[in-house]
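Below is one structure, written out as structure tokens, with a few remarks after it.
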Amino acid sequence: MTTKPTTTDGGAPVASDEHSLTVGADGPIVLNDHYLIEQMANFNRERITERQPHAKGGGAFGHFQVTRDVSRYTRAAVFQPGTKTETLIRFSTVAGEQGSPDTWRDPRGFALKFYTSEGIYDMVGNNTPVFFIRDPLKFQHFIRSQKRRADNGLRDHDMQWDFWTLSPETAHQVTILMGDRGIPKTWRQMDGFSSHTYMWVNRQGAKFWVKYHFKTDQGIDFLTQAEADRLAGVDGDYHRRDLFNSIKKRDFPSWTLKMQIMTFEEAKTYRFNPFDLTKIWPHKDYPLIEVGKLTLDRNVTDFHTEIEQAAFEPNNLVPGIGLSPDKMLLARGFAYSDAHRARLGVNYKQIPVNRPTSPVHSYSKDGAMRVQNVSDPVYAPNSYGGPKADPERTDAAGLWYADGDMVRKAYTLRSEDDDFGQAGAMVRRVLDDAARARLVGNIVGHLKDGVSGPVLARALDYWRKVDKELGDRIAAGTSGG
């Protein structure tokens, strides 16, 4: 095998990989050792700001193949019959930093990038169908409560339960988090959800509200708290390693995409707010409709450029797909792209992993790290042949009628809007006896780890509102009343 010569970043050959340029073998290093200076300077700058949150994760490339005809619901090219689209996925934990264990009890991010013929489409979701809160003003506070204290730099269960018990809308997600799905066995053995409601629009202009469900073809499995704790000490990168090795062995994981679809008119009078991120749509009302299959079949070759610099954002939309009145989703439409600008620079979409495979005709120009040349004219409107917006190429996805005074209020309550009902139904109707016992054990263990008396009392009341019997069992386990 021919050995490639080492070069500087400018392409010039390097004299040595081991020895600095000095005055004699024992003398001082000289300032004109440009290669040494380049290596040291680059090393000092090779870490970029980690994500806040979702810092720890991993992913792979693959493809999405449409297997059913859903063209009556959306004109999006990516979901037309037979279409095959290249994809990138990133799995992650939420609260942990870059070096944190993969097996902490935490929701898992499920962020998917479709390189469609009409531009990039990003579906940014989790491994749970709901979330902790429904208003984005609380999001920053929620994340801070899950991260680290200001005084000692430690994660703190008292801080977490203080926030949760003062925010009753968290009950559904916390019930999931404290149950089996709080620690997936592997990324391959968990589902992925949009969680949010999106809008689909077909070629006739009809609008639908939809939720995405990526159902794992490997089967759901989980780690017990004891298994997760052991792995956190033995192999902090357990999930990342499992995905990489599975694909390397050509054991390609896959997920079947199924949708829940609600008509535009049904949403106006549905018994609870269909855009509330803390709620699911019952499957008996809106059964799952199969769309296609996602398969991961190619590992990344440079983790930094293809995973750490990958930028997923809900505002990456294509014709036929739009946002909904979900307040959290609307805020994320701004927050995610703004996070990428802060972390990667304003021209982050020119990084190859984020670049569309379809043509880009944009009036954006200049800024740090721009590598794609622009040409005149650089303004619109113009009379010199620059790109011109064509409304025929887009649609009314993400548009709806709204009216009212500007107010700071919660969603208007509907007949079945409450914070504890769906969590209680899950405990009583979805979990079996063994799963309920594990749920109790997980909650008790969490509450006994540093939660103060006043917060513990609120937590017991919180769980009794979810389910009286469950709350009593937790109280007995914590000896809290």
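The values are calculated or read from the model by the stated rules, or taken from the named source; none is laboratory data. Note that this is a predicted model, so its numbers are computed, not measured. All Cβ positions, glycine included, derive from the backbone under ideal geometry; neighbour counts span all protein chains shown. Calculation scope for accessible area: heavy atoms of the full protein, side chains included, ligands and nucleic acids excluded. Shrake-Rupley method; radii C 1.70, N 1.55, O 1.52, S 1.80 Å.
Some points to look at:
- Karplus-derived 3J(HN,Hα) values for region 166-179, using 6.51 cos²θ - 1.76 cosθ + 1.60 with θ = phi - 60°, are 8, 10, x, 5, 6, 4, 5, 5, 5, 4, 5, 4, 7, x Hz; glycine and proline are entered as x.
- Across region 71-132, the relative contact order, built from alpha-carbon pairs under 8 Å that are at least six residues apart, equals 29 percent.
- The alpha-carbon of LYS84 sits under 17 angstrom from the alpha-carbons of these lysines, leaving out residues fewer than 8 places away in its chain: LYS113, LYS258, LYS293.
- Using a probe radius of 1.4 angstrom, the carbon and sulfur fraction of the accessible surface of the chain is 53%.
- Ordering of 81-92, 33-44, 348-359 by burial proxy (mean other Cβ atoms within 10 Å per residue, highest first): 81-92, 348-359, 33-44
- The overall shape of the chain, judged from the alpha-carbon gyration tensor, is oblate: a/c is not under 1.5, and a/b is no greater than b/c.
- Probe 1.4 Å, protein heavy atoms only - accessible area per residue of the chain in square angstrom: 50
- Rounded, prolate or oblate (a/c below 1.5 giving rounded, otherwise prolate when a/b exceeds b/c) for region 34-104 by Cα gyration tensor: prolate
- As computed over region 241-281, the Cα convex hull volume per residue (Å³): 105
- Each residue was assigned an accessible area with a 1.4 Å probe, and for TRP400 the value is about 80 Å².
- Per residue of the chain, the DSSP helices (runs of n ≥ 4 H) give a summed -39500 (n - 2.57) that works out to -7500 deg cm²/dmol at 222 nm.
- If the segment from GLU392 to ASP302 were pulled out straight at 0.36 nm per residue, it would be longer than the present Cα-Cα gap by 28.5 nm.
- Under 5 Å, built H, 5+ apart or other chain: amide partners of GLU290: MET259
- For a straight C-alpha distance cut-off of 12 angstrom, the aspartates and glutamates reachable from LYS249 (same-chain residues fewer than eight places away being disregarded) are ASP297.
- Counting only Cβ charges, +1 for Lys and Arg and -1 for Asp and Glu, the dipole size of the chain around its Cα centre is about 1020 debye.
- The 3J(HN,Hα) values that the Karplus relation (6.51, -1.76, 1.60; θ = phi - 60°) gives for region 26-34 are, in residue order, 10, x, x, 6, 9, 5, 8, 7, 5 Hz. Gly and Pro appear as x.
- Long pairs among LYS56/LYS147; LYS138/LYS409; LYS207/LYS268; LYS185/LYS465; LYS147/LYS185, criterion Cα-Cα beyond 19 Å: LYS185/LYS465; LYS147/LYS185
- Relative intensity, log₁₀ I(q)/I(0), of region 312-462 from a Debye sum that treats every alpha carbon as a point, q = 0.08, 0.16, 0.20 Å⁻¹: -0.51, -1.12, -1.35
- Residue among LEU36, ALA25, HIS304 farthest towards the positive dipole end of the chain, charges placed on Cβ: HIS304
- Region 258-382, dipole about Cα centre (Lys/Arg Cβ +1, Asp/Glu Cβ -1), debye to the nearest 20: 140
- Accessible area of LEU166 in the full protein assembly, 1.4 Å probe (Å², nearest 10): 110
- Relative packing of peptides 371-377, 135-141 - highest average C-beta neighbours within 10 Å first: 135-141, 371-377
- Between the alpha-carbon centres of region 60-91 and region 294-308 there is a gap of 19 Å.
- In order along region 307-316, the Karplus-derived 3J(HN,Hα) couplings, from 6.51 cos²θ - 1.76 cosθ + 1.60 at θ = phi - 60°, round to 10, 5, 9, 5, 10, 9, 7, x, 7, 7 Hz, and Gly and Pro are given as x.
- Loop-located chymotrypsin sites (Phe, Trp or Tyr not before Pro) in region 404-481, at most 16 other Cβ atoms within 10 Å (DSSP): TYR411
- Inter-label distance, nm, simple model (7 Å from Cα along the C-beta direction), HIS141/THR6: 5.4
- Cα shape, region 28-162, gyration tensor, a/c 1.5 rule: oblate
- Placing +1 on the Cβ of every Lys and Arg and -1 on the Cβ of every Asp and Glu, with no other charges, gives region 1-159 a dipole of roughly 1140 debye about its Cα centre.
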